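Novice: Mind looking over this structure? Questions follow.
Rule-based calculations on the coordinates, nothing more; no lab input. Because the structure is predicted, anything quoted here is derived from the model rather than measured. Please note: Cβ atoms are built from the backbone with ideal geometry, for glycine as well, and neighbour counts cover all protein chains shown.
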Amino acid sequence: MNLLVTKVLTKYFGDTHAVDGVDFTVQQGELLALIGANGAGKTTLVNLISGMLRPDSGSIVFQGADVTSQSVHGRIKAGIARSFQLVNLFDQLTVLDNVALVIFSREGKTRNFVYLADHDRPVRQEAMDVLQRFGLENKANMLAGGLAQGERKLLDVAVAVALRPKLLLLDEPTSGVSTREKAPIMDIITAIVRSEHITAVIIEHDMDVVFKYSDRIVVMHQGTILADGTPDEIRTNDQVITTLIGTQASG
Amino acid sequence: MTMVTVLSRRLLLSAAVILALLVILPSALDPYQTILLSYGLIFAIAALGFNLLLGYTGLLSFGHSAYFGMGAYAVAFIVKYLKITSMEVFLIGGILASAAVAALFGFLCVRYTRIFFGILTLALSQVLWSLAFKFFWVTGGTDGLRVPTPSLLGMQMAPGQDKMTFLAHRYYYYVLIIFLAGLAVMWVIVHSPFGKALQAIRDNETRAEFVGVQVRKYRFVAFLISGAYTGLAGALWVPLNGLTTPEILHWTFSGKIVFFTVLGGFQTFVGPIIGAVVYNYLETYAVGHTVYWQLVLGIVLVVLVLALPAGIVGTAKRLGLRLRRAA
């Protein structure tokens, strides 16, 4: 079943065709990797789907409903959440509050200003549960600004997961961390995504990570989709190898 | 956990001591000192409201004189046109009028952030100032409007009672109670889920939007509450001052409210309160001692800001933390 479908989605930045007539489909329940060189249009595509950017033409259909002109807020309510390549956290709030705020927001409780947030046990408990799954429970009372880079990347994803999305867009969840940290971070993220049956689109540069964790791979090149297939199909796709992977994956 | 309990116990204890002092002071001080403290507490209410925007939402308003002035002028108009002198009516009128202006100005201003927000708030407040200045047949122009001693909870000042005594006792306690109520309400607001959402907006507007917080709407509500608080302060101020003039609508008064808050420490809850009370004493004594009071005040303030960049309360907190670590 198709969860998300884009039709001839197009976004220009001046003369640059950042996303150029892209037909992109995400199936319910899959873990899809979106790869491509810098400037291929991956982040722009995610920005269009999440509502951060408006397309110049084309449409986005999520769960059968056209969301092309819907606000960010409307898309979040529909179940589209995202994380960011450059970590976007609430640095002066505690790690726990970063997640608790999201739960308050999801439940419509942020409108409420007559009770103390810290006294909401169910929300705190849920936030602690989320942190536990991301291995951040020991940092709950630290300010988010004081976390190490790897932890910040995880918390960025945790914040998106706490929205209980149907579709989770992760923009380079392991960028900026050491190679040694990448696998543990991806292990945690993919385990959560699988166990909660969240459909995920992950932008990633590291080919080892991509081949290891994804069900399907979509390769972008200069604003268009170059290839689309299983990791094995992509690994052996000559066109992909010449334009993108080079000798790295063949060896 | 025990550290937190010890800390909050210590906090409660010091709060109780300060409260006791505030209650006893009028019997120990001469009326002039008590009235001075009343001014400080009133400015503290304005600063508390202002800091909901600066410290908690990340918006620096340079136009809060508009709401303070609107609160004060609303009271003066109630006296002039409705011939009512009930303090409760004053407060309701002051809050409603300033909230109405805050709704209008806020609607325009929350579309912008940073310097654009600051300049727009300043410009709009100057519009009110010029209205008060020019429409003298309504506002009294630079002469301002007089406001007599009000009745408190329906009780008039006893006939023959000295106005100073009234202001230094009954009115002081009235101000104190409203200050404490305003303090409690603001404390709950900033610790509520709504308050957390504001802090999220302050820290990261983009992410706040992407976790479902409607940033502009929340900024607007914060602006409204902030304006109403500052308007409440204006309504309390005018019977104490006996007169309202366009001066309190001028942007220099907005600057003072900014200063209270930065002086005390905008990253703390109580900072703006301490800042307002301290500034009020500083200015009063500087004015009393020299004609060059602005120069004296300026130098004192520059030194304070350079020496205490986190504000009085922020610096005290850091020192406290360092001492505890050393111990």
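Novice: Compute the normalised compactness of chain A: alpha-carbon radius of gyration over 2.2 N^0.38 Å, N being the residue count.
Specialist: Working it through for chain A, the quotient is 1.03.
Novice: Here's a follow-up. Can you put B:Asp203, A:Asp129 in order, fewest other beta carbons within 10 Å first?
Specialist: By the 10 Å Cβ count, ascending: A:Asp129, B:Asp203.
Novice: Could you tell me the convex hull volume per residue, in Å³, taken over the Cα atoms of the protein assembly as shown?
Specialist: Here the figure is 193 Å³ per residue.
Novice: Once phi is turned into θ = phi - 60°, what whole-Hz ³J(HN,Hα) does the Karplus curve with 6.51, -1.76 and 1.60 give for every residue of the stretch B:227-242, x standing for Gly and Pro?
Specialist: Coupling constants for the stretch B:227-242: x, 5, 4, 5, x, 4, 4, x, 5, 6, 6, 5, x, 5, 7, x Hz.
Novice: Once amide H atoms are built 1.01 Å from N in the peptide plane, which residues 5 or more positions from A:Leu226, or in another chain, come under 5 Å H to H?
Specialist: Under 5 Å from the amide H of A:Leu226: A:Val219, A:Met220, A:His221.
Novice: What are the residues whose amide H is under 5 Å from the amide H of B:Leu60, where those residues sit 5 or more places off or on another chain and H is modelled from the backbone?
Specialist: Sorted by chain and number, the residues that satisfy this are B:Arg114.
Novice: Sticking with this one: Rg/Rh for the stretch A:7-85: what does it come to with C-alpha atoms and Rh from Kirkwood?
Specialist: Looking at the stretch A:7-85, the ratio lands at 0.93.
Novice: With a/c under 1.5 counting as rounded, go ahead and sort the stretch B:165-303 into rounded, prolate or oblate using the C-alpha gyration tensor (a ≥ b ≥ c being the square roots of the eigenvalues; past the cut-off, prolate if a/b is larger than b/c, else oblate).
Specialist: Prolate is the answer for the stretch B:165-303, as a/c is 1.5 or above and a/b outweighs b/c.
Novice: Another question, then. Among B:His64, A:His119, which comes first, then next, by fewest other beta-carbon atoms within 10 Å?
Specialist: A:His119, B:His64
Novice: Moving on. Convert each backbone phi in the stretch B:75-80 into a coupling constant with the Karplus relation 6.51 cos²θ - 1.76 cosθ + 1.60 (shift: θ = phi - 60°), then list the ³J(HN,Hα) values in order as whole Hz, x for Gly and Pro.
Specialist: Each residue of the stretch B:75-80 in turn: 4, 4, 5, 4, 5, 5 Hz.
Novice: How would A:Lys139, A:Lys42 line up from fewest to most surrounding beta-carbon atoms within 10 angstrom?
Specialist: The order, fewest Cβ neighbours first, is A:Lys139, A:Lys42.
Novice: With a ≥ b ≥ c the root eigenvalues of the C-alpha gyration tensor of the stretch B:105-214, is it rounded (a/c under 1.5), prolate (a/b larger than b/c) or oblate?
Specialist: oblate
Novice: Per residue of the protein assembly as shown, what 222 nm ellipticity follows from adding -39500 (n - 2.57) for every DSSP H run with n ≥ 4, rounded to the nearest 500?
Specialist: Per the formula, -18500 deg cm²/dmol.
Novice: Among A:Phe90, A:Ile217, A:Asn2, which residue has its Cα positioned farthest towards the positive end of the charge dipole of chain A, with +1 placed on the Cβ of Lys and Arg, -1 on the Cβ of Asp and Glu, and the dipole taken about the Cα centre?
Specialist: So the residue furthest toward the plus end is A:Phe90.
Novice: Here is a follow-up. Let's see if you can work this out: charge +1 on each Lys and Arg Cβ, -1 on each Asp and Glu Cβ, no other charges. What is the dipole magnitude of chain B about its Cα centre, in debye to the nearest 20?
Specialist: 860 debye
Novice: Separate question: For the stretch B:30-248, what is the largest minus smallest coordinate of the Cα atoms on each principal axis, given in angstrom and ordered from greatest to least?
Specialist: For the stretch B:30-248, the Cα extents along the three principal axes come out at 63, 38, 27 Å.
Novice: Helix A:149-161 sits at what angle to the longest principal axis of chain A, using alpha carbons and giving 0 to 90 degrees rounded to 10?
Specialist: Taking the Cα atoms of chain A, the angle to A:149-161 is about 80 degrees.
Novice: Next question, about the same structure. Per residue of the stretch B:121-137, what does 6.51 cos²θ - 1.76 cosθ + 1.60 with θ = phi - 60° give for ³J(HN,Hα)? Whole Hz please, x for Gly and Pro, Karplus curve as stated.
Specialist: Couplings: 4, 5, 4, 5, 5, 5, 4, 4, 4, 5, 4, 5, 6, 8, 7, 5, 5 Hz.
Novice: I would also like to ask the following. What's the extension gain from B:Phe116 to B:Leu96 if we count 0.36 nm per residue and subtract their Cα-Cα distance?
Specialist: Answer, rounded to one decimal: 4.5 nm.
Novice: How large is the dipole of the protein assembly as shown about the Cα centre if only Lys and Arg carry +1 and Asp and Glu carry -1, each at its Cβ, rounded to the nearest 20 debye?
Specialist: 1540 debye
Novice: Can you give the FRET efficiency for B:Ile299 and A:Tyr12, using 1/(1 + (r/R0)^6), R0 = 45 Å, r = Cβ-Cβ distance, to the nearest 0.05?
Specialist: After rounding, the FRET efficiency stands at 0.20.
Novice: Now for a separate question. Of B:Lys80/B:Lys196; B:Lys163/B:Lys256; A:Lys109/B:Lys80; A:Lys11/B:Lys196; B:Lys83/B:Lys134; A:Lys7/A:Lys109, which sit over 32 Å apart, Cα to Cα?
Specialist: B:Lys80/B:Lys196; A:Lys109/B:Lys80; A:Lys11/B:Lys196; A:Lys7/A:Lys109
Novice: Show me B:288-301, A:173-186 ranked by packing, highest mean number of other Cβ atoms within 10 Å first.
Specialist: A:173-186, B:288-301
Novice: Just going by the charge dipole of chain A, with Lys and Arg at +1 and Asp and Glu at -1 on Cβ, which of A:Pro184, A:Phe24, A:Gln63 is farthest out on the positive end?
Specialist: The Cα lying farthest towards the positive end belongs to A:Gln63.
Novice: Mind listing the long-range amide H neighbours of A:Gln27? Cut-off is under 5 Å, sequence gap 5 or more, other chains count too, H placed in the peptide plane at 1.01 Å from N.
Specialist: A:Leu3
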